[in-house]
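Below is one structure, written out as structure tokens; comments come after it.
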Amino acid sequence: MEYIDLRSDTVTQPTDDMRKAMMNAAVGDDVYGDDPTVLELERFTAELLGKEAALFVPSGTFGNQLVLFTHCPRGSEVILGEDCHIVQHEVGAASVIAGVQLRTVPSEKGLLDANRIKERIRPDGDIHFPKTSLICVENAHSNGRVIPLEEMQKIYEVAQQHGIPVHLDGARIFNAAVYLGVEAKEIAAYADSVMLCLSKGLCAPVGSLVVGTADWIEAARKKRKLMGGGLRQVGVLAAAGLIALQTMRLRLQEDHQNAQLLADQLADIEGLTVYKDDVHISMVFFSLDQEGDPLSQPLLARGIKINPPELGMYRMVTHHWVSQDDVLKTAQAVREILA
Ligand SMILES: Cc1ncc(COP(=O)(O)O)c(C=O)c1O
């Protein structure tokens, strides 16, 4: 059965072009630094993000944790939003790998107040305090919202005044760029390092990159090896990554439009509340008047996959493999199930 899969943008399959490119990729041994396809992907990514250098890593979680490990001395402290991916969905890795303490600030739907961050920066000279070694932001946020550039700028200015680097979890930075109508490098300008994912809405099967200064990337390369992330003929994956960045990046607007269409269609259904103001990228969130999960199993029986609600909230995510027709079919199926 062909499913309409709305669980996440991580379910995207590689395109035919990607499969062909992977088959024909020129490869070398990337630990020796001579895989030409990886080198090209890293060069292209750095240029796209306006940074000196980039490094291929196996996953977004690996990339974020490598960033903490590279920026932060053990026992230091990282300031970040209470609902960000690093805090919520990375298995507590920051305490295991980098050995850092995470100090959270309240998040207003992903938006962090620069003043609250400033208050939490540790002053020098008190024997009791850990050192603040990093500030992290996330854009687009995994709650589907995009943070305005002015807010990122305010945080970056506070960080710079205190000599603290900023890391951007940009797993979906290209979705954020489309929403803001800017180039990704304009978002990346407010961070010293960025992690971005190839295997979400961009359809590559595997891979993320971290970007930063050339010296910092060399330090990260050594730590990547320590973490077991030194891969060999990885040009096979980088070939798909190049298509993700060169081609698939340019079509994300379509997913955002389909998400808007889905939100509009669902909003007409009685007993269902769509959080339309939160539809910035490809994610639609809604809740039902009734409790429990009356939707995921009946939808599955009709060939539509969604996750059960989390804290009473359903999420549907559009992507390359979800057409406008699929969106209309999904809304109709929800309408019939709730009728
Ligand atoms: C904002 C954000 N950062 C990081 C990640 C981690 O990526 P991965 O699943 O490749 O480890 C995700 C995954 O969904 C994410 O949404």
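The values are calculated or read from the model by the stated rules, or taken from the named source; none is laboratory data. What you see is a predicted model; the values in this text were computed from it and never measured. Using ideal geometry, Cβ is built from the backbone for each residue, glycine included, and neighbour counts are taken over all protein chains shown.
Laid out as a table, the results:
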{"read-out": "Members of segment 86-104 that are within 21 Å of His280 (Cβ to Cβ) and crowded, with 20+ Cβ neighbours inside 10 Å", "value": "Ile86"}
{"read-out": "Positions within segment 248-274 being surrounded by 18 or more Cβ atoms within 10 Å (Cβ to Cβ) and in contact with a strand residue (DSSP E or B) (Cβ under 6 Å, 6 or more places away or on another chain), in sequence order", "value": "Ala259, Leu262, Ala263, Leu266, Leu272, Val274"}
{"read-out": "Given (1) surrounded by 14 or more Cβ atoms within 10 Å (Cβ to Cβ); (2) over 24 Å from Gly212 (Cβ atoms); (3) within 15 Å of the ligand (Cβ to nearest atom), index of the condition Asp17 fails", "value": "(3)"}
{"read-out": "Those residues of segment 245-274 which are in contact (Cβ under 8 Å) with a residue 24 or more places away in the chain and more than 19 Å from Asp325 (Cα to Cα), in sequence order", "value": "Leu245, Gln246, Thr247, Met248, Arg249, Glu270, Gly271, Leu272"}
{"read-out": "Residues that are free of Cβ contacts under 8 Å to residues at least 12 places away in the same chain and over 20 Å from Leu196 (Cα atoms), drawn from segment 20-55", "value": "Lys20, Met23, Tyr32, Gly33, Asp34"}
{"read-out": "Filter result for His141 (assigned to a loop (DSSP other than H, G, I, E, B) and under 30 Å from Val206 (Cα atoms))", "value": "yes"}
{"read-out": "Ile135 away from the ligand (no atom under 15 Å from the Cβ), touching a residue at least 12 places away in the same chain (Cβ under 8 Å) and either under 19 Å from the mean Cα position of the chain (by Cα) or over 22 Å from His319 (Cβ atoms) (or both)", "value": "yes"}
{"read-out": "Scan of segment 301-332 for residues that are under 27 Å from Pro14 (Cα atoms) and small (Gly, Ala, Ser), ordered by number", "value": "Ala301, Gly303, Ser323, Ala331"}
{"read-out": "Listing of strands (runs of 3 or more DSSP E) fully contained in segment 180-286 that carry 1 or more residues being in the same structural domain as Thr318 (by TED's automatic domain parsing) and at pLDDT 95 or above", "value": "272-274"}
{"read-out": "Selection count, segment 12-41, where residues are out of contact with any helix residue (DSSP H, G or I) (no Cβ under 8 Å at 6 or more places or on another chain) and closer than 29 Å to Lys223 by Cα", "value": "4"}
{"read-out": "Some residue of segment 121-131 being surrounded by 13 or more Cβ atoms within 10 Å (Cβ to Cβ), touching a residue at least 40 places away in the same chain (Cβ under 8 Å) and touching a helix residue (DSSP H, G or I) at 6+ places or on another chain (Cβ under 8 Å)", "value": "yes"}
{"read-out": "Positions within segment 195-220 being surrounded by 21 or more Cβ atoms within 10 Å (Cβ to Cβ), closer than 15 Å to Leu41 by Cα and either of a type outside the set (Gly, Ala, Ser) or away from the ligand (no atom under 11 Å from the Cβ) (or both), in sequence order", "value": "Met195, Leu196, Cys197, Leu198, Leu202, Leu209, Val210, Val211, Gly212, Ile217"}
{"read-out": "Among (1) within 25 Å of Tyr3 (Cα to Cα); (2) more than 23 Å from the chain's Cα centre (by Cα) - the single one Glu270 does not satisfy", "value": "(1)"}
{"read-out": "The one condition in (1) out of contact with any Leu (no Cβ under 7 Å at 6 or more places or on another chain); (2) of a type outside the set (A, V, I, L, M, F, W, C); (3) modelled with pLDDT of 95 or more that Lys305 fails to fulfil", "value": "(1)"}
{"read-out": "Conditions (1) crowded, with 20+ Cβ neighbours inside 10 Å; (2) within 22 Å of Gln88 (Cβ to Cβ); (3) within 16 Å of the ligand (Cβ to nearest atom): number failed by Leu111", "value": "(1)"}
